[in-house]
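Values in this text are rule-based calculations from the coordinates and carry no lab data. Computed from a predicted structure; not experimentally measured. All Cβ positions, glycine included, derive from the backbone under ideal geometry; neighbour counts span all protein chains shown.
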Amino acid sequence: MMNLDTAFAALADPTRRAILARLAQSEATVLDIAAPFELTQPAISRHLKVLEEAGFVMRRIDGAKRPCRLAPNSIDAIESWLDMLRTALSTNYDRLDNVLAQMNTTEGNQNDE
């Protein structure tokens, strides 16, 4: 399972998010990924290493090339964590709705007297 701290630290950098967006389109080599950036190939490789260690990117060997691609299920841990937060928020909003409905009912009963 992905370490959320490592994942969010990797996603905190805009260059790494842009690299992931690029890899969402298709597999790419470091040279392909580096093309639109004003960064050196070694700098892109360091970003890729962070993404790989966080579990977002995988590399395969194709002769002398090492194309990168998104790792399958790489965001499952983040998605599970966000689902937990969504459920908690939904529960809180449901409770608030119930309190407001009770307040409206109580207020309506007082006006009838």
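Of the residues Arg69, Arg16, Arg95, which exhibits the maximal mean-square fluctuation in a Gaussian network model of the chain defined by a 10 Å Cα contact cut-off?
Taking springs between Cα atoms under 10 Å, the residue moving most is Arg95.
Among residues other than Ala9 whose Cβ falls under 11 Å from its Cβ, what is the net charge (Lys/Arg +1, Asp/Glu -1)? Walk me through the intermediate numbers first.
Working: positive: Arg16; negative: Asp5, Asp13, Glu53.
Summing Lys and Arg as +1 and Asp and Glu as -1 gives -2.
Under 8 Å for C-alpha pairs, at least 6 residues apart: give me the relative contact order for the chain, rounded to a whole percent.
26 percent
Build a GNM of the chain with springs between Cα atoms under 10 Å: which of Leu70, Leu100, Leu82 gets the top mean-square fluctuation?
Leu100
Considering amide H positions built from the backbone, and no H for Pro or chain starts, which residues 5 or more places from Arg66, or on another chain, come under 5 Å of its amide H?
Amide H to amide H, under 5 Å and 5 or more residues apart or across chains, Arg66 pairs with Val30.
I want to check the label-to-label distance for Ala9 and Glu52. Put each point 7 Å from Cα in the C-beta direction and report it in nm to one decimal.
1.8 nm
Would you list Ile44, Ile75 from fewest to most Cβ contacts within 10 Å? List each step's numbers first, then the result.
Values: Ile44 21, Ile75 16.
Final ranking by Cβ density, sparse to dense: Ile75, Ile44.
Find out how many positive minus negative residues lie around Asp62, taking Lys and Arg as positive, Asp and Glu as negative, among other residues whose Cβ is under 14 Å from that of Asp62.
Within the 14 Å Cβ shell, the charges total +3.
With r defined as the distance between the Cβ atoms of Leu85 and Asp62 and R0 fixed at 41 Å, what FRET efficiency is calculated, to the nearest 0.05?
So, using R0 = 41 Å, E works out to roughly 0.55.
Give the long-range amide H neighbours of Val57: residues separated by 5 or more places, or on another chain, with amide H under 5 Å away, using H modelled in the peptide plane at 1.01 Å from N.
Here Glu52, Ala71 satisfy the definition.
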